[in-house]
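Asks: Handing you a structure now.
The values are calculated or read from the model by the stated rules, or taken from the named source; none is laboratory data. Because the structure is predicted, anything quoted here is derived from the model rather than measured. No Cβ is skipped: glycine too gets one built from the backbone with ideal geometry, and neighbour counts run over all protein chains shown.
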Amino acid sequence: PILKVALMGLGSYASRVAKAMQDCKRAKITGLISGTPSKLKDWGAKYDVPEKHRYNYGNFDAIQDNPEIDAVYVITPNGLHADQSIRVAKAGKHVICEKPMGVNAEEGQAMVDACKAAGVQLLIGYRMHFEPKTVHVIQMRKDGEFGKTKFFQGQSGFRIGDPNQWRLDKELAGGGAMMDIGIYSINGARYMLGEEPVWVTAQETKTDPEKFGKGVDETIQFQMGFPSGAVANCLSTYNMSNLDRFFMTGSDGFVEMQPSTGYGPIEGRTHKGPLTQPHITHQTLQMDGMARIIYDGEQPIVPVDGEEGVKDMKIIDAIYKAVETGDKITL
Ligand code: NAD
């Protein structure tokens, strides 16, 4: 079957998803949820979603009675994800939620529990898990082509503009760069090394405390240690332009990717040569892949489920604790 998806939060990333979904074979937009009537009207016309499948934040629980909606894709500010996802689950619909799934692990776990209780699936928008070059590298790692994985370096960031946007508002963002973009290095470390970290250390640099207020991190460098002895050394920032680079080396080979998580073509090479897998719009692959998860039980190479999201949230919690205390935090 085709996955019938309602988009919630009609902002910039939702626009990208909506456009990408026009090329999906297994997923389509059948509903819209927004607080702005004019957006509902415009998007409804553009994506052929009739008025009876358009909702606002006050009345969207009524999707419960709409058989034309199987899942809701929550693409709102981070601080709203948990409540909205839990409401979707209670309405009996599958939840697709953007990263970070919430603002801490407790929220993430509550989302997992709510979806389990409601008998619906919870998937997090980890689009890289469907991206062909990334999938190829993960498969190489699984096949032992790098030998024992030893070291990962992830650098994720961009220079953020408008000081009044929700990304710089602790309540709506849950934090700063780490929540938004540093999470790519965390998730990347885990899928590139193929292990879960057992400790983290972290140091914060804040050069503009006015723009990056309390609880909103500008730049954090962090380290993670893994059971095998592998280590990761990463940087998350809102104050350097287009920082998007992964490097991983094992006992027998290496991979470097730059860009490593951006929307455009991923580029990189391993000790065996350049990565040549095709570029396909990430969100198209993701939404078709998610339909296959939900309807065919076909799992991607690395999961995108709620538990996967909680793993990242626990690491983010630990990084913030490490910054605050200066301690090495055991996971
Ligand atoms: P955005 O500001 O462009 O869009 C957010 C939308 O939420 C807007 O339409 C806004 O009107 C709506 N909204 C609803 N309630 C709101 C409230 N109380 N305050 C402010 N806005 C409210 O942001 P975005 O870039 O589209 O990000 C949305 C989510 O998508 C975030 O969680 C972000 O982390 C995620 N995202 C993921 C990727 C990815 O590659 N996976 C990329 C960009 C954003």
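Asks: Taking the condition over 18 Å from LEU193 (Cβ atoms), at pLDDT 95 or above and assigned to a strand (DSSP E or B), does ARG269 pass? First the steps, then the outcome.
Replies: On the way: over 18 Å from LEU193 (Cβ atoms): yes; at pLDDT 95 or above: yes; assigned to a strand (DSSP E or B): yes.
Judged against the criteria, ARG269 is a match.
This table checks each residue for (1) out of contact with any Ser or Thr (no Cβ under 6 Å at 6 or more places or on another chain); (2) under 25 Å from ALA20 (Cα atoms).
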| residue | (1), (2) |
| --- | --- |
| ARG141 | yes, no |
| ILE181 | no, yes |
| SER185 | no, yes |
| TRP199 | no, no |
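Asks: Suppose we filter the stretch 96-109 for residues that are free of Cβ contacts under 8 Å to residues at least 40 places away in the same chain and either touching a Gly at 6+ places or on another chain (Cβ under 8 Å) or not in a helix (DSSP H, G or I) (or both); how many remain? Break it down into steps so the answer makes sense when it comes.
Replies: Kept after step one, since they are free of Cβ contacts under 8 Å to residues at least 40 places away in the same chain, are these residues of the stretch 96-109: 106.
Next, from what is left, pick out any that are either touching a Gly at 6+ places or on another chain (Cβ under 8 Å) or not in a helix (DSSP H, G or I) (or both): none.
Total meeting the criteria: 0.
Asks: Return a yes/no flag: does the stretch 112-129 have any residue that is touching a Leu at 6+ places or on another chain (Cβ under 6 Å), more than 19 Å from GLY174 (Cα to Cα) and within 16 Å of the ligand (Cβ to nearest atom).
Replies: No: zero hits.
Asks: Which fully enclosed helices (runs of 4 or more DSSP H) of the stretch 128-216 have 3 or more residues being within 27 Å of GLU107 (Cβ to Cβ) and not hydroxyl-bearing (Ser, Thr, Tyr)? Show your work before the answer.
Replies: Numbers: elements: 132-142, 170-173, 183-193.
Hits in the stretch 128-216: 170-173, 183-193.
Asks: Checking ASN56 against (1) away from the ligand (no atom under 15 Å from the Cβ); (2) in contact with a strand residue (DSSP E or B) (Cβ under 9 Å, 6 or more places away or on another chain); (3) polar (S, T, N, Q): exactly one of these is not met. Which one?
Replies: Single failed check for ASN56: (1).
Asks: Of the conditions (1) within 18 Å of the chain's Cα centre (by Cα); (2) in contact (Cβ under 8 Å) with a residue 40 or more places away in the chain, GLY268 fails just one. Which one is it?
Replies: So the condition that GLY268 fails would be (1).
Asks: Here's something else I'd like to know. Within the stretch 1-49, how many residues turn out to be part of a strand (DSSP E or B), touching a Phe, Trp or Tyr at 6+ places or on another chain (Cβ under 8 Å) and either modelled with pLDDT under 95 or within 16 Å of the ligand (Cβ to nearest atom) (or both)?
Replies: So the count comes out to 8.
Asks: OK, next. If we scan the stretch 88-97, do we find a residue that is within 16 Å of the ligand (Cβ to nearest atom) and over 17 Å from the mean Cα position of the chain (by Cα)? Don't jump to the end; show me each part of the working.
Replies: Taking the stretch 88-97 and keeping what is within 16 Å of the ligand (Cβ to nearest atom), we get 88, 95-97.
With over 17 Å from the mean Cα position of the chain (by Cα) added as a condition, the list becomes 88.
Yes: the stretch 88-97 contains one or more residues that are within 16 Å of the ligand (Cβ to nearest atom) and over 17 Å from the mean Cα position of the chain (by Cα).
Asks: Something else about it: Identify all residues within the stretch 50-76 that are more than 19 Å from GLY92 (Cα to Cα) and part of a helix (DSSP H, G or I); write none if there are none.
Replies: The initial filter retains those residues of the stretch 50-76 that are more than 19 Å from GLY92 (Cα to Cα), namely 50-51, 76.
GLU51 - this is the single residue of the stretch 50-76 that is more than 19 Å from GLY92 (Cα to Cα) and part of a helix (DSSP H, G or I).
Residues are listed down the side, and each one gets a yes or a no for (1) surrounded by fewer than 21 Cβ atoms within 10 Å (Cβ to Cβ); (2) at pLDDT 95 or above; (3) among the acidic types (Asp, Glu):
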position: GLN64; (1), (2), (3): yes, yes, no
position: THR76; (1), (2), (3): no, yes, no
position: ILE96; (1), (2), (3): no, yes, no
position: GLY102; (1), (2), (3): no, yes, no
position: GLU107; (1), (2), (3): no, yes, yes
position: LYS116; (1), (2), (3): yes, yes, no
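Asks: May I pose another question? Restricted to the stretch 177-196, and to residues that are more than 12 Å from the ligand (Cβ to nearest atom) and of a type in the set (Gly, Ala, Ser), which residue is farthest from ASN78 (Cα to Cα)? Lay out the reasoning, then the answer.
Replies: Applying the first criterion (more than 12 Å from the ligand (Cβ to nearest atom)) to the stretch 177-196 yields 185-186, 188-196.
Next, only the ones that are of a type in the set (Gly, Ala, Ser) stay: 185, 188-189, 194.
Working: SER185: 18, GLY188: 20, ALA189: 22, GLY194: 27 Å.
Checked the stretch 177-196; the qualifying residue farthest from ASN78 (Cα to Cα) is GLY194.
Asks: Exactly one condition in (1) within 19 Å of ASP305 (Cβ to Cβ); (2) small (Gly, Ala, Ser); (3) touching a residue at least 60 places away in the same chain (Cβ under 8 Å) is false for ALA118; which is it?
Replies: Failed condition: (3).
Asks: List pairs: first in the stretch 55-68 and touching a residue at least 12 places away in the same chain (Cβ under 8 Å) and of a type in the set (Asp, Glu), second within 16 Å of the ligand (Cβ to nearest atom) and part of a helix (DSSP H, G or I), Cβ under 8 Å, 6+ apart or cross-chain?
Replies: Pairs that qualify, where the first residue is touching a residue at least 12 places away in the same chain (Cβ under 8 Å) and of a type in the set (Asp, Glu) and the partner is within 16 Å of the ligand (Cβ to nearest atom) and part of a helix (DSSP H, G or I), are ASP61/ARG87.
Asks: I'm told ILE294 meets every condition in (1) more than 29 Å from GLN203 (Cβ to Cβ); (2) out of contact with any Gly (no Cβ under 9 Å at 6 or more places or on another chain); (3) surrounded by fewer than 15 Cβ atoms within 10 Å (Cβ to Cβ) except one. Can you identify the failing condition by its number?
Replies: Going through (1) more than 29 Å from GLN203 (Cβ to Cβ); (2) out of contact with any Gly (no Cβ under 9 Å at 6 or more places or on another chain); (3) surrounded by fewer than 15 Cβ atoms within 10 Å (Cβ to Cβ) one by one, ILE294 breaks only (3).
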